[in-house]
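Everything on this sheet refers to the single structure shown next.
The values are calculated or read from the model by the stated rules, or taken from the named source; none is laboratory data. The model shown is predicted, which means the values in this text are computed figures rather than measured ones. Cβ atoms come from the backbone with ideal geometry, glycine included; neighbour counts cover every protein chain shown. Protein only, heavy atoms only, side chains kept; ligands, DNA and RNA dropped before computing areas. Shrake-Rupley method; radii C 1.70, N 1.55, O 1.52, S 1.80 Å.
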Amino acid sequence: MFKLSGKEINTVLSYIGGASGRLGDFTYASHSQFYPMFCGLDIDPYKYEGTTRQKFMKILSEAIPLSQAKILQGIVDKYPLTYFENHLENEMINISEYENKKRVLDSIMSWIRQLNGQGLVEINELVYNFEFVQETLDQCQTLISQHNCRSAIDRAHTALHGYLKETCKKADLQINLSNPKIQDYWSKLKQEHPLFLIEHSQSHLPINQIVNAIAKMLENLNEIRNNRSFSHPNEEIINEPEAKFVINLFRSILQYVDQKVAT
């Protein structure tokens, strides 16, 4: 499980800047306000000993991975690259220091993705790399990195829906419905795509039963997307562990279909 090490935390400190116990332009008050305002975390730095810099290091090092990601995102929001561009223009830093800030920012964004991605299925490069699908997958990952899995369910659903639709179109498979649902495209592919052949040997029976269950699974996932996600102003949103599970299902089905029809 990925978690920030002391070396990485020191790199974050170098990005923020500050000396003699200071942390950027943080004051005691603004440091206290930072966690609820920028990170959505209930953390009270007044409970920690030391300077603002020491308190920040202690809080960041002790935080769980998801909270570390939120703190890093809060730092990026508070200190975007434009903040240092202004410093460069005002000759508060030189060009070499500014370029180093850019490199460190890239590292921080990578760490945010890793910290937020704990337990998530990774999407390998798709054989059928449709532009719309890739863009939607990127949007999904951005939402996960900057917010949480709950906020990304709609994009994960749209990515799979779009992939199944484009794959049917590529194979010239027509669906005679005015507004096909995600499970309609899946059924069409499974039943009629020339490369989606199902083995009927006895040894393959358990796999066939799992594959046949995907249709009902997609029906339930569609219900979750419509009525338990941020795709609409729903009163109840599923919790983060279930949201991560749902996104893993979307991703697993997408990769399975991609590998199946592209063989």
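Observations, loosely collected:
- Condition check for residue 25: within 30 Å of the chain's Cα centre (by Cα), without any contact (Cβ under 8 Å) to a residue 60 or more places away in the chain and surrounded by fewer than 12 Cβ atoms within 10 Å (Cβ to Cβ): no
- Counted residues, region 219-248 - those being closer than 22 Å to residue 189 by Cα and either in contact with a Cys (Cβ under 8 Å, 6 or more places away or on another chain) or open to solvent by less than 40 Å² (accessible area, probe 1.4 Å) (or both): 5
- Count of region 79-96 residues which are part of a helix (DSSP H, G or I) and touching a residue at least 12 places away in the same chain (Cβ under 8 Å): 3
- The residue that is modelled with the lowest pLDDT, counting only those in region 157-192 that are open to solvent by 60 Å² or more (accessible area, probe 1.4 Å) and in contact with a helix residue (DSSP H, G or I) (Cβ under 7 Å, 6 or more places away or on another chain), is 177.
- Residue selected from region 106-156 under the condition open to solvent by 70 Å² or more (accessible area, probe 1.4 Å), modelled with pLDDT under 85 and not polar (S, T, N, Q), by the criterion farthest from residue 80 (Cα to Cα): 127
- Considered as a group, the residues in region 79-104 that are among the hydrophobic types (A, V, I, L, M, F, W, C) and open to solvent by 80 Å² or more (accessible area, probe 1.4 Å) include one that is nearest to residue 43 (Cα to Cα), and that residue is 92.
- Within region 244-259, residues that are of a type in the set (Gly, Ala, Ser) sit with their Cβ atoms under 9 Å from residues that are modelled with pLDDT under 95, at 6+ positions apart or across chains, in these pairs: 252/121.
- Going through (1) assigned to a helix (DSSP H, G or I); (2) open to solvent by 60 Å² or more (accessible area, probe 1.4 Å) one by one, residue 76 falls short only on (2).
- The residue pairs whose first member lies in region 97-108 and is aliphatic (A, V, I, L, M), whose second member is modelled with pLDDT of 95 or more and outside any helix (DSSP H, G or I), and whose beta carbons are closer than 7 Å, counting only pairs six or more residues apart or on different chains, do not exist in this structure.
- Condition check for residue 61: in a helix (DSSP H, G or I), small (Gly, Ala, Ser), surrounded by 14 or more Cβ atoms within 10 Å (Cβ to Cβ) and touching a Gly at 6+ places or on another chain (Cβ under 8 Å): yes
- Per the listing 177, 173, 160, the residue uniquely among the aliphatic types (A, V, I, L, M) and in a helix (DSSP H, G or I) is 160.
- Pairs linking a residue in region 1-22 that is touching a residue at least 24 places away in the same chain (Cβ under 8 Å) and farther than 11 Å from residue 68 by Cβ to a residue that is open to solvent by 40 Å² or more (accessible area, probe 1.4 Å) and of a type in the set (Lys, Arg), with Cβ atoms under 6 Å and 6 or more positions apart or on different chains, are 21/53.
- Filter pass, residue 46 being farther than 22 Å from residue 93 by Cβ, more than 25 Å from the chain's Cα centre (by Cα) and of a type outside the set (D, E, K, R): yes
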